[in-house]
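Trainee: Attaching a single structure in structure tokens format; questions to follow.
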Amino acid sequence: MEQTPNLAGPPLTPRTAVVWSVLRAELDRRSTAELTVLDVGGGTGGFAVPLAQAGHRVTVVDASPDALAALSRRAAEAGVADRVRAVQGDGDALAGLVEPASVDLVLCHAVLEVVDDPVPVVAALAGALRPGGAASVLVAGRSAAVLGRAMNGHLDVAAALAADPDGTAGPRDTLRRRFDAEGAAALLTAAGLTVEEIHGVRVLADLLPAAVADGQPAALVELERTLAARPPWRDVAAQLHLFARRPA
Ligand SMILES: C[S@@+](CC[C@H](N)C(=O)[O-])C[C@H]1O[C@@H](n2cnc3c(N)ncnc32)[C@H](O)[C@@H]1O
């Protein structure tokens, strides 16, 4: 398996490998700089802590005090507490928490599908970025949810998901919306960002029997990487990763 040379942190998995590949390219491109990173809805720091270990300064804004407490413990254990700032707050109110146009790299992973309205959150992300800064946005994929429900025998739920304009299965759904690549890209473009890359994350991982996924982890990561950028595989992934930039 290919290693991530300038990023300490957990081993690469189908959940993280493609995103780290894209982030690593951006970090390598700016290899001399200590970057200012903002992770919106960063939770317990699965990305924030490795980025701090790689020498960058990371602010995590999250609505959950429990998640932030876990983040602070994790950062302390990793010896990077001085490079990780935990801020409780809302993703659509970043202007009061982070200096506008001050951030080199903003992460917003698995958040836009749970917030009340993704439009002000994306506007806030774009406003936090310096000109030339980049955004890493990970969202739940709609097609994968339809396929997954159908393959588990829940054809009624699959039909509801396919028909619903927001890609949810109704009020008991844990997510408020799901995205296709075009819809997610349009959301970022409308906020003034230029979408540079779109990848699928977990094209196969959630569909395989556990014995296959657990038995051949390196081969699975490699295959996920191979398929990630290629429609139609990209478009049936459990998550879609968009890498976008605020024009310089
Ligand atoms: C599914 S978790 C994702 C965590 C992390 N980004 C990841 O990919 O592992 C969603 C996170 O978003 C946070 N969150 C939800 N709504 C938010 C909001 N309006 N503003 C800021 N954070 C929010 C939650 O507290 C939670 O930590």
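The values are calculated or read from the model by the stated rules, or taken from the named source; none is laboratory data. Quick caveat, the model's predicted, so the values are computed rather than measured. Please note: Cβ atoms are built from the backbone with ideal geometry, for glycine as well, and neighbour counts cover all protein chains shown.
Trainee: Of the residues that sit in region 98-113 and are aliphatic (A, V, I, L, M), near the ligand (Cβ under 10 Å from one of its atoms) and in a loop (DSSP other than H, G, I, E, B), which one is farthest from the chain's Cα centre (by Cα)?
Mentor: L112
Trainee: Look through region 79-92, keep the residues that are more than 10 Å from the ligand (Cβ to nearest atom) and under 15 Å from V37 (Cβ atoms), and return whichever of them is surrounded by the fewest Cβ atoms within 10 Å (Cβ to Cβ).
Mentor: D82
Trainee: How many of the residues making up region 166-195 are among the β-branched types (V, I, T) and not in a loop (DSSP other than H, G, I, E, B)?
Mentor: 3
Trainee: Check region 120-138 and report whether any residue there is out of contact with any Ser or Thr (no Cβ under 8 Å at 6 or more places or on another chain), assigned to a loop (DSSP other than H, G, I, E, B) and among the β-branched types (V, I, T).
Mentor: No, that holds for no residue.
Trainee: When P118 is evaluated against the numbered criteria (1) crowded, with 21+ Cβ neighbours inside 10 Å; (2) under 21 Å from A181 (Cβ atoms); (3) within 9 Å of the ligand (Cβ to nearest atom), which criterion, by number, is the only one it fails?
Mentor: (3)
Trainee: Another one. Out of all the residues in region 208-231, is one or more under 18 Å from the mean Cα position of the chain (by Cα), more than 25 Å from L105 (Cβ to Cβ) and assigned to a loop (DSSP other than H, G, I, E, B)?
Mentor: No, every residue in region 208-231 fails to be under 18 Å from the mean Cα position of the chain (by Cα), more than 25 Å from L105 (Cβ to Cβ) and assigned to a loop (DSSP other than H, G, I, E, B).
Trainee: For the list (1) surrounded by fewer than 18 Cβ atoms within 10 Å (Cβ to Cβ); (2) modelled with pLDDT of 95 or more; (3) out of contact with any Asp or Glu (no Cβ under 7 Å at 6 or more places or on another chain), I need the number of the one condition that R176 fails.
Mentor: (3)
Trainee: Regarding region 141-153, can at least one residue be identified that is outside any helix (DSSP H, G or I), at pLDDT below 95, more than 16 Å from the ligand (Cβ to nearest atom) and under 19 Å from T168 (Cβ atoms)?
Mentor: Yes, region 141-153 has at least one match.
Trainee: OK, next. Please work out if V58 is under 24 Å from E197 (Cα atoms), more than 9 Å from the ligand (Cβ to nearest atom), assigned to a strand (DSSP E or B) and more than 14 Å from the chain's Cα centre (by Cα).
Mentor: Judged against the criteria, V58 is a match.
Trainee: Quick test of your reading of the structure: L161 fulfils all but one of (1) within 15 Å of the ligand (Cβ to nearest atom); (2) buried (at least 21 other Cβ atoms within 10 Å of the Cβ); (3) over 25 Å from T16 (Cβ atoms). Name the failing condition by number.
Mentor: All conditions are met except number (1).
Trainee: If you don't mind, there's one more thing I want to ask. When R24 is evaluated against the numbered criteria (1) more than 18 Å from L138 (Cβ to Cβ); (2) out of contact with any His (no Cβ under 9 Å at 6 or more places or on another chain); (3) free of Cβ contacts under 8 Å to residues at least 24 places away in the same chain, which criterion, by number, is the only one it fails?
Mentor: Condition (1) is where R24 drops out.
Trainee: Right, something else. Would you be able to tell me the number of residues in region 28-55 that are more than 8 Å from the ligand (Cβ to nearest atom), surrounded by 18 or more Cβ atoms within 10 Å (Cβ to Cβ) and of a type in the set (S, T, Y)?
Mentor: 1
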